[in-house]
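To keep things clear, I will list the structure first and then write my remarks on it.
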Amino acid sequence: MATIEVPDVKIEPGQLVFEADARFTEIVDYGVSMEEAMSGKLPPATGIRFDLGFEGTGTGLIESTISGVGYLYVRADGVQETHTHAQAITKDGARIAAYQTGTVSVDESGNMREVFQIRLHSNFERYEWVNGLALRGEGTVDMGTGTMQNRVYAA
């Protein structure tokens, strides 16, 4: 990826663009509860689906409040796929749409780690620079506390 210039900032590949801290506001299941899904047994042949509403804050080059829904699909083989639709409302009132896809892995201690790709879009002139960014992210999810932390880097 080439360097992208933001007023007074150059974004280089690998650079941290923003961090997000959020809490779940709603968990919608479709017949298998989160507790059942986290029990360690394999999901049914049909897989398991959850909608995870969240809200929080973004810091870094995009200071904002964030909200959205993460759609989690746990396949029958246990692989967890995610896609998320969200919005960021910046401190100066602009809106930025976010779309992310990724996977979640769970270690033997039950810690959840997400890796993802994310695309941003805004038609607010002062944030149009986000439209050309290729971004990758990583984060942690703690279902016990209902929180998640993500870091997003230029790819």
* Got at least one residue in region 61-76 being within 21 Å of Leu16 (Cβ to Cβ), in contact with a Ser or Thr (Cβ under 6 Å, 6 or more places away or on another chain), part of a strand (DSSP E or B) and hydrophobic (A, V, I, L, M, F, W, C)? -> no
* Asked: Where in region 83-145 are there strands (runs of 3 or more DSSP E), lying fully within it, with 1 or more residues that are acidic (Asp, Glu)?
  -> 112-121, 135-142
* Structure fact -> Of Ile118, Ile89, the only residue that is touching a residue at least 24 places away in the same chain (Cβ under 8 Å) and farther than 24 Å from Gly14 by Cβ is Ile89
* Identify the residue in region 113-132 that is of a type in the set (A, V, I, L, M) and buried (at least 18 other Cβ atoms within 10 Å of the Cβ) and, among all such residues, is nearest to Ile62 (Cα to Cα). => Val130
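The numbers here are math on the coordinates, done by the rules we state, and not lab data. Note that the structure is predicted; figures quoted are calculated from it, not measured. Here the Cβ is made from the backbone with ideal geometry for all residues, glycine too, and neighbour counts use every protein chain on show.
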